[in-house]
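The values are calculated or read from the model by the stated rules, or taken from the named source; none is laboratory data. All figures in this text were calculated on a predicted structure; none of them were measured in a lab. Every residue, glycine as well, gets a Cβ built from its backbone with ideal geometry; the counts of neighbours run over all protein chains shown. Only protein heavy atoms, including side chains, enter the accessible area calculation; ligands, DNA and RNA are left aside. Shrake-Rupley method; radii C 1.70, N 1.55, O 1.52, S 1.80 Å.
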2 protein chains.
Amino acid sequence: MRATTIHAPGDIRVEEVPDPVITKPTDAIIKVTAGCICGSDLWPYRGHNDITAGDTIGHECIGVIEEVGSEVTDFAVGDFVIVPFDHCDNTCAHCRYGMQSACVNLGMTASGQAEYALVTQANGSLVKTDGMPDEALVPSLLALSDVMATGWHAAVAAGVRKGGTVVVVGDGAVGLCGVLAAAQMGAERVIAMSRHEPRQDIARQFGATDIVAERGREGAARIADLTEGIGADAVLECVGTDDAIKTAFAVARPGSTVGFVGVPHGVELPVRKMFQKNVGMAGGMAPVRRYLPELLELTLSGAINPGLVFDLTLPLEESPEGYRAMDERRAIKVLLRP
Amino acid sequence: MRATTIHAPGDIRVEEVPDPVITKPTDAIIKVTAGCICGSDLWPYRGHNDITAGDTIGHECIGVIEEVGSEVTDFAVGDFVIVPFDHCDNTCAHCRYGMQSACVNLGMTASGQAEYALVTQANGSLVKTDGMPDEALVPSLLALSDVMATGWHAAVAAGVRKGGTVVVVGDGAVGLCGVLAAAQMGAERVIAMSRHEPRQDIARQFGATDIVAERGREGAARIADLTEGIGADAVLECVGTDDAIKTAFAVARPGSTVGFVGVPHGVELPVRKMFQKNVGMAGGMAPVRRYLPELLELTLSGAINPGLVFDLTLPLEESPEGYRAMDERRAIKVLLRP
């Protein structure tokens, strides 16, 4: 099949690789309708993560079931499915506790930017639609495989409540989905930190009531002004850098929680400040499967439209250009069509 | 008045210092019935915190109101009161949010190991009993000024729930009170980590169902065994060292929270592990006033008896011996009578 591979920092190719094959009875193979590039794919692209040259890359996709293992009883060839980037059996103690991202049979989509993807634990992981969805829904359904569920997880972890004031640090696709999640959960005020006009526009469409363009200390001072010196009731940290974390703790009111979903890179948590301010922290890799049924319903009913985060669609063969566009912040999130 | 002072690491004295005086209309002066030595007093005693030579030390006490400022309307001379170590107006936005430890008018008891103590924000901070309490209740009432409320805060921050499995890291007075809090909140299983028999005994009296004497990795392995490899639903970290924090995160199940109340010293939070396991952290300096009404009721009704943590009572003049006894772990917690 044709698949996106990474060979070195900055070296993304689309080339022929072996088709995925079913090796376990719980596996399924998905013919990818749409895949996409994640902000976290930029970590190896920028040389911040180790790379095994020639590995396929991409963990987000939706598509049609092509083949199933003998124990996959809940799905059949031809079903249209959302593929959570983290696969789970949805029956182990961690899954039952709502922590499918810590499943004892955890798996990951390894070729979401390709023609086919393997899903381990298909029964536990996948969620299907009734028939083939409208083409117009494809971007929003694709967003459920990671970024929308991850933004939702940040809001859940931060304890967003009706009527509260929420700050979202990070205006990538996940941060924008965090804005959407907070608004959907009934936050009265959603403050998006963003310097980029196209992202500010989407944040507003997603329900942001205020935009703060300043960063760091100035951004924190601006949010102090907006909250009468009190700070936010919940903060969503959707970047993963030390600066973003510091900003998140600076704007959180005492007794609140920073929900974090950006993979931490070079982060040193301000434990003394957390202690003094009683600001907690919660989050991590999103248990996508936990949220999928609810998010699918909200998407199909039109209550949320997370697909807006895709501002560039390319054919799979142009995957390298998609990486460049995201790396240079020319695009928020790139959708790839095999 | 006679008061305990600190002059250098290991140099505790009882000497004559000026009586506290009312300088603000919200102040009150307490004639101390009983004060005590806190685990956190050992940080400067052991040279881990800065010391201003000659400063009074001690932040926990109960007693009788001796004098009140002109705006102290809720209390009168002669009232017997519990003095939260952190004073608050109980009306500001942070107090109303339950974060009295972040009150905009925050104050601290500065001479709890002395004849008299000054309370700022008396109206907001103090809680009184009906008449003079029985002598037998003095230790338990004294425990409410800090350690019991702090252990309770750890349990609240960790999200202890009915039927859950709780691990308490730390067998000092706060850790033991954390065991009592978790049991009182309905945890089905309370695992106390303690190597010291007298502390294990109190932990059992407070409701510990299991004792783990091993520490570090061995302790974590033992708890994995006890929880069928799943880990604890809530973890109370009541020490503040890096080792204790690491143990706390090692035994926490994915999706759970470490409630931390030990003042962090040399702690580096395992942010990657927190992310991978989705283990959150919450806590800090306890908002004592928030919990006092409930804890006082539980104490007066006999439902809890936190005074058990005091295993040595000394006259105020023997304060230096009290510090030595706690430093050498000959005593869990020392009560001082002026």
Review point. Name the pairs whose Cβ atoms lie under 8 Å apart, with the first residue in segment A:195-208 and under 16 Å from A:VAL167 (Cα atoms), the second polar (S, T, N, Q) and surrounded by 23 or more Cβ atoms within 10 Å (Cβ to Cβ), and 6 or more positions between them or separate chains?
Key: A:GLN200/A:SER194; A:ALA203/A:SER194
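Taking only segment B:230-282 into account, find how many residues are of a type in the set (S, T, N, Q) and touching a Phe, Trp or Tyr at 6+ places or on another chain (Cβ under 9 Å).
Matching residues across segment B:230-282 total 1.
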Review point. Inside segment A:263-312, can you point out the residues that are among the hydrophobic types (A, V, I, L, M, F, W, C), more than 9 Å from chain B (Cβ to nearest Cβ) and in contact with an Asp or Glu (Cβ under 7 Å, 6 or more places away or on another chain)?
Key: A:VAL288
Practice item. Mind listing just one residue for me: the one in segment A:66-86 that is part of a strand (DSSP E or B) and touching a residue at least 60 places away in the same chain (Cβ under 8 Å) and, of those, nearest to A:ALA286 (Cα to Cα)? Key: A:ASP86
Review point. Considering only residues of segment B:262-302 that are open to solvent by 40 Å² or more (accessible area, probe 1.4 Å) and over 29 Å from B:VAL81 (Cα atoms), which is farthest from the chain's Cα centre (by Cα)?
Key: B:GLN276
Study note, to complete from the structure: If we ask which residues in segment B:110-143 are over 16 Å from B:THR23 (Cβ atoms) and of a type in the set (A, V, I, L, M, F, W, C), their number turns out to be 10
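Considering only segment B:4-26, state which residues are assigned to a loop (DSSP other than H, G, I, E, B), touching a strand residue (DSSP E or B) at 6+ places or on another chain (Cβ under 7 Å) and of a type in the set (A, V, I, L, M, F, W, C).
Of everything in segment B:4-26, those that are assigned to a loop (DSSP other than H, G, I, E, B), touching a strand residue (DSSP E or B) at 6+ places or on another chain (Cβ under 7 Å) and of a type in the set (A, V, I, L, M, F, W, C) turn out to be B:VAL17, B:ILE22.
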Revision key, fill the gap. Of the listed residues (B:GLY58, B:GLY35, B:GLY63), the one being of a type in the set (Gly, Ala, Ser) and in a loop (DSSP other than H, G, I, E, B) is B:GLY58
Practice item. Return the pairs, sorted by first residue and then second, in which the second residue is open to solvent by 10 Å² or more (accessible area, probe 1.4 Å) and of a type in the set (S, T, N, Q), the first residue lies in segment B:231-243 and is over 9 Å from B:GLY170 (Cβ atoms), the beta carbons are less than 8 Å apart, and the residues are 6+ apart or on different chains. Key: B:ALA232/B:THR165; B:ASP233/B:THR165; B:ALA234/B:THR165; B:ALA234/B:THR257; B:VAL235/B:THR257
Point to revise | Residue satisfying all of: in segment A:211-241; of a type in the set (D, E, K, R) and at pLDDT below 95; surrounded by the fewest Cβ atoms within 10 Å (Cβ to Cβ) among these | key: A:ARG217
Review point. If you go through segment A:27-46 one residue at a time, do you hit one that is surrounded by fewer than 20 Cβ atoms within 10 Å (Cβ to Cβ), within 21 Å of A:VAL127 (Cα to Cα) and free of Cβ contacts under 8 Å to residues at least 24 places away in the same chain?
Key: no
Review point. Out of contact with any Gly (no Cβ under 8 Å at 6 or more places or on another chain) and surrounded by fewer than 21 Cβ atoms within 10 Å (Cβ to Cβ) - does that describe any residue in segment B:180-192?
Key: yes
Revision key, fill the gap. Per the filter on segment A:247-258, residues at the interface with chain B (Cβ under 9 Å from one of its Cβ atoms) and within 17 Å of A:GLY178 (Cα to Cα) are A:SER256, A:THR257
Exercise for review: For residues that are assigned to a helix (DSSP H, G or I) and open to solvent by less than 10 Å² (accessible area, probe 1.4 Å), scanning just segment A:101-133, find the one that is nearest to the other protein chains (Cβ to nearest Cβ).
Suggested key: A:SER101
Study note, to complete from the structure: All conditions in (1) over 21 Å from A:VAL68 (Cα atoms); (2) within 14 Å of chain B (Cβ to nearest Cβ) are true of A:ASP146 except (2)
Review point. Going through segment A:65-100 one residue at a time, which ones are among the aromatic types (Phe, Trp, Tyr) and buried (at least 24 other Cβ atoms within 10 Å of the Cβ)?
Key: A:PHE85
Exercise for review: Answer yes or no as to whether B:LEU144 is open to solvent by 10 Å² or more (accessible area, probe 1.4 Å), of a type outside the set (Val, Ile, Thr) and touching a residue at least 12 places away in the same chain (Cβ under 8 Å).
Suggested key: no
**Study point:** Odd one out for B:ASP233, checked against (1) out of contact with any Pro (no Cβ under 7 Å at 6 or more places or on another chain); (2) facing another protein chain (nearest Cβ under 8 Å)
**Key:** (2)
